[in-house]
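The values are calculated or read from the model by the stated rules, or taken from the named source; none is laboratory data. Just so you know, these numbers come straight off a predicted model, no measurement behind them. Reconstructed Cβ throughout: ideal geometry from the backbone, glycine too, with neighbour counts over all protein chains shown.
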Amino acid sequence: MKIYLQEVNFFMELLHNLWNVVSTEDENLTKYGILIFTFVEIYVTMKLATTILEINYTKKQRNAYICIMSVLFVLSTLFIPKQFSIFIHLILTPIIFKMIFKTSVIKSILADILPMLISVVIESIYAKLCFLILNKTYLDIQYILIYRIPIMIVIYLTIFVISIFVKFIKENLSVLEQIDSYRKRLLIINLIFIILLIAIQFYLVIFYNRYLPLYITLISLLSLIAYSTVSLYSLIKGINLDITKRELEQSELHNKTLELLYNNVSAFKHDFSNIITALGGYIDTKNLDGLERYYNQLIDECHINNNLSTLNPNVINNPAVYNILATKYYKADELGITIHLQIFINLNTLKLDVYEFCRILGILLDNAIEAASNCDEKIVNIEINDIRHNKYQVLTIENTYSNKNIDISRLSEKGYTSKTEEKGSHGIGLWQVDKMIKKHNNIILDTSKDEKFFKQELVIYY
């Protein structure tokens, strides 16, 4: 029993001594203690910098950077005075970053500066919160392990969360472009309110933390978090519902395309022997004129199938543009208009806002379809291309037309139209297109015509 009590006393005394060590101010012990977290700090700051600057890296590059920087940090902490080690880090970190990640000089410097600035802001905020909760300044606790280590962990966790949030925002920018103007306005208004509330909250914490009771501050923080969470969650759910609705509409259009393609291919396959037999008849009789006409008709039918295969979400890889093209295609098909569609571009790389591009595309196609529908030969040609060597993207729409006297120099005038009926209800579309184009200095709309086709070319320079 006596031995047992001695062991208990020894253990309690050990705990007491350990507590005294970690709760007593000791600069050297704290300096050595935080070295354990060196690799964590380097990892989270590296992740934040690479996420913000969009730098891709391999596991080998990541591990090499963490190992080299950890060794550098430990050596400088142990053997170099603090006032000099900071300058060594500022000089060597961009050099090491550039060598390992193969980035530009500017990105390497920013990779050092940005995490440092963000860390300073976060540390100052937590320092104020620390004073509010513990009634101690950051200087009072920076060399006490029991306080310093938890604060460091919270700071590293915050930096890591920020890097994940930045990555999430960047990955979902394309989704944000798909939301309608009403949802976009609501999102912007809510974000502005949240930013204002956060600013007010931090102002109160920083300047009035000595006067506000702790429970008031906690209630205020919890209310801010609750409002932000519920508000953003509701908006995100609404946005996801809108996107799901558009995806269903896109799937329906795609299914309709596949059905038409299947029917056309089946009919073509069924008639293949008859097609070959008819070709043989022209060849046997040496009727080259008839053979040419027959061949052109056959090519037109093949174009229809090719267009339907092009009308594919994998080819037209932007949902908004796909819906516009598919809807106008079926509208033209119902009017007996032949559509020739060619896509030579990744539509997600458009150098014009998708909303504006779709408005312009829709107006130009409506005009082209309406003009072609009044002709004996009903044709609309659509091409979207990226001329990389000249650094411009071009949307070309040409159509057959009946009014050969149209004045193309007046098309952008409000109310001007080539139609004789209901003039007051026409002539608005191209005027709106002209207004949108004038907002940009890298976009032009070139209009031309010949005996057969009326052509509109939207050129986007980059």
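For beta carbons closer than 7 Å, sequence separation of 6+ or different chains, a first residue in region 141-164 that is modelled with pLDDT under 85 and a second that is not in a helix (DSSP H, G or I) and not β-branched (V, I, T), the qualifying pairs are Y143/E25; Y143/D26; I144/E25; R148/Q142. Taking region 347-375 as the range and being of a type in the set (A, V, I, L, M) and either farther than 14 Å from N399 by Cα or surrounded by 20 or more Cβ atoms within 10 Å (Cβ to Cβ) (or both) as the test, the residues that pass are L347, L350, L352, V354, I360, L361, L364, L365, A368, I369, A371, A372. Only residues that are surrounded by fewer than 17 Cβ atoms within 10 Å (Cβ to Cβ) and more than 15 Å from Y32 (Cα to Cα): list them for region 67-84, please. Passing the criteria: C67, I68, Q83, F84. The number of residues in region 101-115 that are surrounded by fewer than 18 Cβ atoms within 10 Å (Cβ to Cβ) and either without any contact (Cβ under 8 Å) to a residue 12 or more places away in the chain or more than 22 Å from I86 (Cα to Cα) (or both) comes to 5.
Of all the criteria given as (1) in contact with an Asp or Glu (Cβ under 7 Å, 6 or more places away or on another chain); (2) modelled with pLDDT under 70; (3) not polar (S, T, N, Q), the one not satisfied by F272 is (1). Just so you know, in region 128-140 the residues that are without any contact (Cβ under 8 Å) to a residue 24 or more places away in the chain and among the hydrophobic types (A, V, I, L, M, F, W, C) include one that is surrounded by the most Cβ atoms within 10 Å (Cβ to Cβ), and it is C130.
Residues in region 363-400 that are in contact (Cβ under 8 Å) with a residue 60 or more places away in the chain, out of contact with any strand residue (DSSP E or B) (no Cβ under 6 Å at 6 or more places or on another chain) and over 12 Å from K455 (Cα atoms): I363, D366, K391.
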